[in-house]
Amino acid sequence: MLRPPVVPPLTLAQCAERAAGPAAPLKRRLAAFLYEGVLLFGVVMLVGMVFGIATQQRHALTGREGLQAILFLVLSMYFIWFWTHGGQTLAMKTWHVRLVRQDGLPPTLPQATARALLSWLWFGPALAVAWTAQWHQGKPIGSLLALWVVAYAVLSFFLPQRQFLHDVLCRTRVIDTRP
């Protein structure tokens, strides 16, 4: 049976060295971003099912604010836990990227919490524009979201060490963990 070679984890010195350099390649970070969305689909479905059963929800719009609040908390806790316990979610491990502080250590709880909140910069501004414009159709909202995500990713080329804005604000780095 063929197995991939075992890759030793990075040492603290290697993490610190990579944290001082440029961010992991944008393609790898975006691939992890997309893969994270696929993995989180299952988490969202499970939480939605448990919420629906617990509240005896009979219609999708009944109790949607409560479901949204629970999903926000669960997803935030998911990221915060993984980032503070090794700096990698499953998607980040797959794409060989890791979240670290500027000194190469895993982020602190306040940093991970701030990053989880500020990560909404990926979607929040576009959703705020759609809400302000009172758009209700999926196509214009989806198009605006896609355009904003691309613009937000391109913004990293103009920021220090090519980090995303939320990483610059939280003083974290996404590094490449390949040997």
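The single residue among 66, 48, 87, 52 that is touching a Leu at 6+ places or on another chain (Cβ under 6 Å) and either surrounded by 17 or more Cβ atoms within 10 Å (Cβ to Cβ) or over 20 Å from residue 161 (Cα atoms) (or both) turns out to be 87.
Restricting 149, 174 to those that are touching a residue at least 12 places away in the same chain (Cβ under 8 Å), over 25 Å from residue 17 (Cβ atoms) and in contact with a helix residue (DSSP H, G or I) (Cβ under 8 Å, 6 or more places away or on another chain) reduces the list to 149. Hey, could you check segment 112-153 for residues that are assigned to a helix (DSSP H, G or I) and polar (S, T, N, Q) and say which is surrounded by the fewest Cβ atoms within 10 Å (Cβ to Cβ)? My answer is 132.
Residue pairs whose Cβ atoms lie under 9 Å apart, separated by 6 or more positions or on different chains, with the first residue in segment 34-57 and modelled with pLDDT under 95 and the second in a loop (DSSP other than H, G, I, E, B) and surrounded by fewer than 15 Cβ atoms within 10 Å (Cβ to Cβ), are 52/58; 52/60; 55/62. How about segment 157-175: which of its residues are farther than 20 Å from residue 91 by Cα and part of a helix (DSSP H, G or I)? Passing the criteria: 157, 158, 160, 161, 162, 165, 168, 169, 170.
The values are calculated or read from the model by the stated rules, or taken from the named source; none is laboratory data. These figures come from a predicted structure and were not determined experimentally. Positions of Cβ are backbone-derived with ideal geometry, glycine not excepted, and every protein chain shown enters the neighbour counts.
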